[in-house]
Amino acid sequence: MKTINPQWLSSYLSPDSARFQHILGVVRCMENLLPDLNVPDEWKPDLLKACYLHDIGYSPKLNQYDFHPLDGAIFVREKGFSKSVVAAVLFHSCAYETAKETRPDLLPIYEEKNTDLDEQDRTFIDLVTYCDLHTSPTGQRITFEKRVQDVIERYGKHHTVSRMMLANQKNYKETIFRVNQWLK
């Protein structure tokens with residue numbers, strides 16, 4: 001299973017949901033980056049696939065661990081996608097750091113997979129994270145600062161999602177800086 005499009009995605013997430021629209025917005029963000037992105041051309045189709053798949057773990061059909069990056073990565077691996085696509089789904093948007101703080105039961109999985117990451121995997125993680133951070137919950141392009149503000153407004157300052165977003169701002173800014181360096 002290597003072809004992904006909105007119709008395929010709709011078999012896992014409702015097209016009427018904000019999550020579905022967010023995913024399509026992340027894909028559009030990547031599509032806009034690709035012409036100016038200084039990465040090998042053969043990576044580009046898989047970068048789009050990683051964007052389509054980054055939040056697939058939110059599908060109730062895939063819930064095994066109640067942690068969408070891991071649930072999604074298991075599905076993506078089982079479907080035969082490349083190692084870098086699996087890595088992007090598993091590690092996007094500081095999922096490893098979030099697991100350290102909120103899901104110590106998942107740390108052995110993350111620690112093992114973290115040692116297997118290569119340069120291509122890390123590039124995919126950064127690029128998907130960048131697009132995720134610049135896409136609103138409804139799929140619009142936004143600044144990182146507005147994304148942080150939106151998360152806090154939607155979840156409340158003390159919610160785990162908000163706390164993790166705030167705690168990882170330095171990591172996110174470093175990711176944004178790296179991606180900006182890859183743009184021509």
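Structure above, values below:
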read-out: Residue match in segment 137-151 (condition: crowded, with 16+ Cβ neighbours inside 10 Å, closer than 30 Å to residue 3 by Cα and of a type in the set (Gly, Ala, Ser)); value: yes
read-out: Scan of segment 53-69 for residues that are surrounded by fewer than 22 Cβ atoms within 10 Å (Cβ to Cβ) and in a helix (DSSP H, G or I), ordered by number; value: 58, 60, 61, 62, 68
read-out: Residue match in segment 113-125 (condition: within 17 Å of residue 56 (Cα to Cα) and not acidic (Asp, Glu)); value: yes
read-out: Counted residues, segment 75-90 - those being open to solvent by 20 Å² or more (accessible area, probe 1.4 Å), closer than 20 Å to residue 123 by Cα and part of a helix (DSSP H, G or I); value: 3
read-out: In segment 97-120, the residues that are in contact with a Leu (Cβ under 9 Å, 6 or more places away or on another chain), open to solvent by less than 30 Å² (accessible area, probe 1.4 Å) and either under 20 Å from residue 172 (Cβ atoms) or polar (S, T, N, Q) (or both); value: 99, 110
read-out: Qualifying residue in segment 75-91 (condition: in contact with a strand residue (DSSP E or B) (Cβ under 9 Å, 6 or more places away or on another chain) and touching a residue at least 12 places away in the same chain (Cβ under 8 Å)); value: no
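The values are calculated or read from the model by the stated rules, or taken from the named source; none is laboratory data. Given the structure is predicted, the values throughout are model-derived calculations rather than measurements. In this analysis, Cβ positions are derived from the backbone assuming ideal geometry, glycine residues included, and neighbour counts consider all displayed protein chains. The protein model used for the area step is the full one, side chains on, heavy atoms only, and it has no ligands, DNA or RNA in it. Shrake-Rupley method; radii C 1.70, N 1.55, O 1.52, S 1.80 Å.
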